[in-house]
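**Student:** So that we are looking at the same thing, I have put the structure below in structure tokens.
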Amino acid sequence: MIIKENKKNIKQLENNPTPNWDNFVSKLEECDEKLSRAWSQINHLNAVINSPDLRSEYNNNVTKITKYYSELSQNEKLFLNFKKIKQSKEFKKLSATRQKIINDELLGFKLGGIGLSENKKKIFKKIKVSLSKLSSKFEENILDATNNYYLNIIDKNDLLGLPDFLINDAKKRAVEKKKSGWIFTLDYPSYFPFMQYADNRKLRENFYHAYSTRASELGDKKFDNKKNINEILKLKHQLAKLIGYKNYSEVSLATKMASSSNEVINFLDKLAKKARPYAVKDMNDLKKHAQKYGIKKIEAWDVSFLSEKLRNEIFNFKDSEIKQFFPRKKVMSGLFQLVHKLYGISIIKKKADTWHKDVEFYEIKDKVKNVIGYFYLDLFARENKRGGAWMDECISKYKFNDEISNPIAYLTCNFSSPSGNKDAYFTHDEVITLFHEFGHGLHHLLTDITDYSVSGIRGVEWDAVELPSQFMENFCWDWQVIKSMTEHEHTKKQMPKNLFDKLISAKNFQSGLQTLRQVEFALYDIKLHMKYSSNHNYYMNLLHKVRREIAVVIPPKSNRFPNNFSHIFAGGYAAGYFSYKWAEVLSADVYSEFEKYNVLSPKIGAKFKNEVLSRGGSRPMMKSFIAFLGRKPKIDSLLKYSGLS
Ligand code: ZN
């Protein structure tokens, strides 16, 4: 229905001979809002109560919606009208926000190959189709290679060191396959703990080899991804050239906060340099420990094993011990008080019809008691609910004609639900997850922007969108904030400070090695997409080079990591893997500014809200960041919080 109506309206907009903001852009946004609002509800309900009815409703519509948006992004006439506005006198009179919306649209069309000659457009489409097929094939190969192998243990002695849950799972698998003994697979939940716990070194080595050569010429050749990798790299480079960029890295960065490949490389190099001495120290700690287990030279298949042993020795506490201190009621009210102090907002629970009895609905009021938004909170795991945690837009803030709408968010988690009359207790990880999603929520809900395309998290660069969420995580490591959220299940006492201190040191355990590993992947990714080479071994040679330059743990020659690097060859992370670290730097930098005053200072809270949270995508994040901090981001705070300084 809405799609039909929108299509009719869009036809009229296409043929608008004198397009301007009011009669064209705003109308187009209205169409988008109407459809997004309807679709976000179906999409959300399908995710949280996957009933047969909803599923079929979803499946009936998802193809239509995808087709609708893809046609929209390929609509030449709309593109020409945007161009007309950009070239008109009116453009300069528009607000900076509206100018940005138009520029963003034009950039989107450019990246979508619109405006190319007919011939080039054909090539563009062909490349796109091929790339999409190659990505699927890449992913399929990993899946098939993963499923194609299993480790069947017959001798009970080979299970030494493994925890019961892992052994039980392995037994179940063997029974299913009608095999004797125990079966371990290359799926991460089976593979990773095996490498952490298995005492038998030879088995770890074999298993590691199977895992790290998946989808390569060293495994079953049927699933080798080498050709796919080379083809993907070639096509991405051609695509970049076709739409006027030097390389694919530039294409990726066109819509990101980071301004150039060199900026990204400098950033990663700096991080590597700082993290390296700590990684060397982490490695030395492992070496000292290795002797206990008769290991003379640490190999790639020993690292997780030794780390786990060392971790256990240093931090002798369990998640369950921590969990007794975080009752839901305390955590929620602590979180609400925190944002009340920082931003002056009040959060009030309201009665509302929801999709499940556990779901709560809240209203947010500003300082002067005006309602500014709402959110649904769906905390607990249950059957037919998609796993993970996320924030989603239900309704975004906008103003069309004279109608203003307040934003509404969905906050979804999958924590273990309370049993019986007992309230739920959270692990510290769960508290962090809650804060993280709440940070996304605040970004969506505290927006002042009423131009729909850039209100809340809309129009925010991809490598900056995690700033508000990761920023919130920092509070979970602040004793001043956390202590009031703790109360022991039985004794009703606060968490002892020394237990919290242990939690902090455990957080930074081996952060040198971990940081360096992430930097290695990110550097490899960006360099791989900066220069194209027709040499079919280039992608492996480059990896070796990057590793020689920065890595502390050098994997064996047989390691074929790129053949499994789905993020960049099948996901959307090509020349974008650095975003993880980038966002961490931003959020740590912002948090350190809070620390300068007092993390609970309303003054600094207001500044952050005014310069970052409320601005949405109305201006580049770098501008918002500089408006808040008075300078560009620096890596120092992240290093400090990660124990690397
Ligand atoms: Zn997030």
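The values are calculated or read from the model by the stated rules, or taken from the named source; none is laboratory data. The structure presented is a predicted model; accordingly, all values stated were derived computationally and were not measured. Please note: Cβ atoms are built from the backbone with ideal geometry, for glycine as well, and neighbour counts cover all protein chains shown. Surface accessibility is based on the protein's heavy atoms, side chains included, excluding ligands, DNA and RNA. Shrake-Rupley method; radii C 1.70, N 1.55, O 1.52, S 1.80 Å.
**Student:** Answer yes if at least one residue in region 525-548 is within 16 Å of the ligand (Cβ to nearest atom) and either of a type in the set (K, R) or assigned to a helix (DSSP H, G or I) (or both), and no otherwise.
**Tutor:** If we filter region 525-548 for residues that are within 16 Å of the ligand (Cβ to nearest atom), which is where we start, we get none.
No; the residues of region 525-548 include none that is within 16 Å of the ligand (Cβ to nearest atom) and either of a type in the set (K, R) or assigned to a helix (DSSP H, G or I) (or both).
**Student:** Starting from region 462-474, keep only residues that are touching a residue at least 12 places away in the same chain (Cβ under 8 Å) and within 23 Å of L253 (Cβ to Cβ), then list their pairs with residues that are acidic (D, E) and more than 10 Å from the ligand (Cβ to nearest atom) whose Cβ atoms are within a distance under 9 Å, requiring at least 6 positions of separation or different chains.
**Tutor:** Filtered contacts from region 462-474: E466/E584; Q470/E584.
**Student:** Quick check on region 389-400: of everything there that is assigned to a loop (DSSP other than H, G, I, E, B) and in contact with a Leu (Cβ under 9 Å, 6 or more places away or on another chain), which residue is nearest to S455 (Cα to Cα)?
**Tutor:** Per the stated criteria, the residue is K397.
**Student:** Considering each of S117, S190 in turn, give the residue that is among the small types (G, A, S) and not assigned by TED's automatic domain parsing to the domain that holds K77.
**Tutor:** Details: S117 fails: not assigned by TED's automatic domain parsing to the domain that holds K77.
Criteria check complete, one pass: S190.
**Student:** Working only within region 186-219, note down all residues that are within 19 Å of F561 (Cα to Cα), open to solvent by 10 Å² or more (accessible area, probe 1.4 Å) and part of a loop (DSSP other than H, G, I, E, B).
**Tutor:** Hits for region 186-219 are D187, R214, E217, L218, G219.
**Student:** Then there's this: Confirm whether A170 is open to solvent by less than 40 Å² (accessible area, probe 1.4 Å) and either at pLDDT below 95 or touching a strand residue (DSSP E or B) at 6+ places or on another chain (Cβ under 7 Å) (or both). Give the derivation first.
**Tutor:** Details: open to solvent by less than 40 Å² (accessible area, probe 1.4 Å): yes; either at pLDDT below 95 or touching a strand residue (DSSP E or B) at 6+ places or on another chain (Cβ under 7 Å) (or both): yes.
Taking the combined requirement at face value, the residue satisfies it.
**Student:** Ok, one more. Looking at (1) within 30 Å of Y538 (Cα to Cα); (2) at pLDDT 95 or above; (3) hydroxyl-bearing (S, T, Y), can you tell me which one Y188 breaks?
**Tutor:** The number of the failed condition is (2).
Yes/no per residue for (1) within 16 Å of the ligand (Cβ to nearest atom); (2) hydrophobic (A, V, I, L, M, F, W, C); (3) over 26 Å from the mean Cα position of the chain (by Cα):
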site: Y452; (1), (2), (3): no, no, no
site: D463; (1), (2), (3): yes, no, no
site: W479; (1), (2), (3): no, yes, yes
site: E489; (1), (2), (3): no, no, yes
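**Student:** If the Cβ limit is 8 Å and pairs must be 6+ apart or interchain, which residue in region 60-84 that is touching a residue at least 60 places away in the same chain (Cβ under 8 Å) pairs with which residue that is of a type in the set (K, R)?
**Tutor:** Once the first residue is touching a residue at least 60 places away in the same chain (Cβ under 8 Å) and sits in region 60-84, its partners that are of a type in the set (K, R) give Y68/K7.
**Student:** Separate question: Against the conditions (1) under 27 Å from the mean Cα position of the chain (by Cα); (2) surrounded by fewer than 15 Cβ atoms within 10 Å (Cβ to Cβ), where does E33 fall short? Just the number, please.
**Tutor:** (2)
**Student:** Could you please tell me which pairs satisfy a Cβ distance under 6 Å, a separation of 6+ or placement on different chains, a first residue in region 189-200 that is over 8 Å from G161 (Cα atoms), and a second residue that is open to solvent by 10 Å² or more (accessible area, probe 1.4 Å)?
**Tutor:** What qualifies is Y191/Y211; M195/S304; Q196/S304; Q196/E308; N200/D158.
**Student:** Also: So W390 fits all but one of (1) more than 16 Å from the ligand (Cβ to nearest atom); (2) within 19 Å of R37 (Cβ to Cβ); (3) surrounded by fewer than 20 Cβ atoms within 10 Å (Cβ to Cβ); what number is the exception?
**Tutor:** Only one criterion in (1) more than 16 Å from the ligand (Cβ to nearest atom); (2) within 19 Å of R37 (Cβ to Cβ); (3) surrounded by fewer than 20 Cβ atoms within 10 Å (Cβ to Cβ) is unmet by W390, namely (1).
**Student:** Please verify whether I183 is β-branched (V, I, T), open to solvent by less than 70 Å² (accessible area, probe 1.4 Å) and not in a helix (DSSP H, G or I), treating the condition exactly as stated.
**Tutor:** Against the criterion (β-branched (V, I, T), open to solvent by less than 70 Å² (accessible area, probe 1.4 Å) and not in a helix (DSSP H, G or I)), I183 qualifies.
**Student:** May I ask you to verify whether T412 is assigned to a loop (DSSP other than H, G, I, E, B), open to solvent by less than 10 Å² (accessible area, probe 1.4 Å) and either within 16 Å of the ligand (Cβ to nearest atom) or modelled with pLDDT of 90 or more (or both)? So that I can check it myself, show each step before the final result.
**Tutor:** On the way: assigned to a loop (DSSP other than H, G, I, E, B): no; open to solvent by less than 10 Å² (accessible area, probe 1.4 Å): yes; either within 16 Å of the ligand (Cβ to nearest atom) or modelled with pLDDT of 90 or more (or both): yes.
Taking the combined requirement at face value, the residue does not satisfy it.
**Student:** Tally time: how many residues in region 280-325 are free of Cβ contacts under 8 Å to residues at least 12 places away in the same chain and open to solvent by less than 40 Å² (accessible area, probe 1.4 Å)?
**Tutor:** 0
**Student:** All but one of (1) more than 16 Å from the ligand (Cβ to nearest atom); (2) under 19 Å from S333 (Cβ atoms) hold for H356, so report the exception by its number.
**Tutor:** For H356, the exception is condition (2).
**Student:** Exactly one of these conditions fails for Y591: (1) open to solvent by 10 Å² or more (accessible area, probe 1.4 Å); (2) touching a helix residue (DSSP H, G or I) at 6+ places or on another chain (Cβ under 6 Å). Give me its number.
**Tutor:** (1)
**Student:** OK, next. Scan region 373-387 for residues that are more than 16 Å from the ligand (Cβ to nearest atom) and within 16 Å of G439 (Cα to Cα) and jot them down. I'd like the intermediate steps shown before the answer.
**Tutor:** First, the residues of region 373-387 that are more than 16 Å from the ligand (Cβ to nearest atom): 373-374, 376-385.
Residues satisfying the conditions are G373, Y374, Y376, L377, D378, L379.
**Student:** Let me ask something additional. Suppose we keep only residues that are β-branched (V, I, T) and open to solvent by less than 30 Å² (accessible area, probe 1.4 Å) within region 431-450. Which one would you say is nearest to the ligand (Cβ to nearest atom)?
**Tutor:** Among them, the one singled out is I432.
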